[in-house]
1. Among all residue pairs at least 6 apart or on different chains, which show Cβ distances below 7 Å where the first residue, located in segment 470-485, is touching a residue at least 60 places away in the same chain (Cβ under 8 Å) and of a type in the set (S, T, N, Q) and the second is part of a helix (DSSP H, G or I) and surrounded by 18 or more Cβ atoms within 10 Å (Cβ to Cβ)?
2. Out of the residues in segment 27-46 that are surrounded by fewer than 19 Cβ atoms within 10 Å (Cβ to Cβ) and of a type in the set (Ser, Thr, Tyr), which is farthest from the chain's Cα centre (by Cα)?
3. Take GLY184 and tell me if it is at positive phi and surrounded by fewer than 16 Cβ atoms within 10 Å (Cβ to Cβ).
4. Within segment 300-329, track down each residue that is acidic (Asp, Glu) and surrounded by 13 or more Cβ atoms within 10 Å (Cβ to Cβ).
5. Looking at segment 73-80, can you tell me whether even one residue there is modelled with pLDDT of 95 or more and either among the small types (Gly, Ala, Ser) or more than 17 Å from PHE372 (Cβ to Cβ) (or both)?
6. Could you list, in sequence order, the residues of segment 538-560 that are of a type in the set (Asp, Glu), more than 18 Å from GLU417 (Cβ to Cβ), touching a residue at least 12 places away in the same chain (Cβ under 8 Å) and outside any helix (DSSP H, G or I)?
7. So, GLY191, is that one surrounded by fewer than 16 Cβ atoms within 10 Å (Cβ to Cβ) and out of contact with any helix residue (DSSP H, G or I) (no Cβ under 7 Å at 6 or more places or on another chain) or not?
8. Looking only at segment 156-196, count every residue that is at pLDDT 90 or above, β-branched (Val, Ile, Thr) and over 16 Å from THR230 (Cβ atoms) and tell me the total.
Amino acid sequence: MKKELLRSEQKKENTWDLESIYPSMKEYKKEYDMVYQWMQEISKYQNHILDSSKSLLETLELDQTIERTINKLATYTYRKYDEDLSNVQSQELKGKFDNLYTEYSKNGSFIVPEILKEDFSLIQKYIEEEPKLKEYQLLLERIFRNKPHVLSEQEERILSSMQMIASEPEKIAGIIRNSELQFGTIIDENGQEVKINNENYTLFLKSKNRRVRKEAFETMYRSYANYKETLAETLQGHVMVLANSSKLRGFKNSKEASLFRNCVNPKVYDLLIQTVHKRMDVVYQYFKLKKEVLKLDDFCLYDTYVNLESGIDKTYTFEEAKKIVLDVVSIFGNDYHKVASSAFSNRWFDIYPNKAKRDGAYSSGSYDTKPFILLNFQGGYHDVSTLAHELGHSMHTYYSNQNNPYLYSNYKIFVAEVASTVNEMLLNYYMLEHANTKEEKKAILSEMMDLFKSTIYRQTMFSEFEDFIFDSYENGHVLTNEMLSNKYYQLNQEYFGDDVIINDEIRYEWERILHLYYDFYVYQYATGLSAACYIVSRIRNQEENAVEDYLDFLKTGDSKDPIEELKIAGVDMLDEKVVNGAIDMFQELINEYRSLM
């Protein structure tokens, strides 16, 4: 068994360059202390922000300086913490920073409500008087966009004080799922008795042994059935909070309120569900294909997660993975390739696992740092794909930061997964084209098809369920366990089709879906993949200006609303051809796999 590295044993060149942010703790502490000093300064503007154009400008400039420095401190603090969660100094640093951030959140909370006390005509007058305010015009317009939904100062204070209480339903549901719920045991493939939990359940569901996946499925959801009343109540508590706050703020419903924050038209959400419903036949073909490949007379829900192929068993060194990914992104031209290459030599990456390092992978940075990437690279194809994915995020951040002032550099969450998924999809097609055997091709096709099934269809099903929950509550219905479970069972029937036996236990799966507590978030996985597929199709079909349009999109940052940003890349999310294009790609993959059978 390979020895787990300690953090101190990692080679410097394999770690991220955090010293480029703060060469020593002296520089870190200097900026940390400055934030406290600036927070005292900005409090002097309370009740005086709109006294003059000068005071408005000074308030906005100081607020942005504080926020920008906070983000820089956060990047260093959390990256340092994640590289070794057991490090006491990093734990203390994180604790102190968390306190600073709490103070910062409270300290500047007066700014927006105070600005909104006046009419925008006064702001326009000040912009004409003070040319430097022109840079803040879009920010101010976005602040005033919220004015119809901002309450009185006292009401806002009350709502703000209730935030901790409002998060309780999610916390309670999390405690039940992760601590109190005991799932029982099954006999695994080796005849050993093992406890089922939320982490290993997915592995057992993909088991080639049908008995194992059936037992895992039934054990999991029969356990959840014991908590159906409690978890229905926590979910209703969460829905109640958002629905009532949305109503108080003058929104038509919770969906409108949630999408409003990201400047997304609710029609995008509805169009996704409508378009996917029209194309259910494609995912039904996929399940039929799985049934044939697995040679099953009857095909149950617990059979749908088994991989068609055993996977790509080839392993890669990090240097090999780097070469492949750089070959893939060369399609974007010299500048992109040059910057992506420099990411490796300039230590954007923390590459290998070590003891107590945070697991998984992510891209994270600030305007004044590199867009760092955490990996836990171990050499599988999944690790190569993760490298391409996270590099896509970081390149998006790089171009956004390079082409926008700080104010408009942080692109919205609605477009956050587009660039990463474009890289991931292009890698898959690259690997298909360079596959040496039919088996390797089939393994790649299997992974790609499963991505479409789990993202376009499954995430849309969750989105439709979430829409139903809020719509039901807002129309006066109580969210009972029976209502939730029956609706969830019905949706599974619609999304899996007649060739799949819908086991009764699935009616309790809604209890373990964390995203139902994330306020209309999950649909963005499906829209993100759809947008990425549309961009990839344009590039692979060598459409005129496809690459240039995509790079212009990456450079847009937050200077436009996300729907308008995507139009720069040739993607109109209010046109059903975008989601249809992704489903067409899914259909092509199914056809190609069948041709190799």
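1. From residues that are touching a residue at least 60 places away in the same chain (Cβ under 8 Å) and of a type in the set (S, T, N, Q), the pairs are THR480/ALA232; ASN481/LYS228; ASN481/ALA232; SER485/LYS228; SER485/ARG507; SER485/TYR508.
2. It comes out as SER43.
3. yes
4. Passing the criteria: ASP303, GLU309, GLU320, ASP327.
5. So far as segment 73-80 goes, yes, one or more of its residues are modelled with pLDDT of 95 or more and either among the small types (Gly, Ala, Ser) or more than 17 Å from PHE372 (Cβ to Cβ) (or both).
6. Across segment 538-560, the qualifying residue is only GLU543.
7. Yes.
8. 5
The values are calculated or read from the model by the stated rules, or taken from the named source; none is laboratory data. Just so you know, these numbers come straight off a predicted model, no measurement behind them. Here the Cβ is made from the backbone with ideal geometry for all residues, glycine too, and neighbour counts use every protein chain on show.
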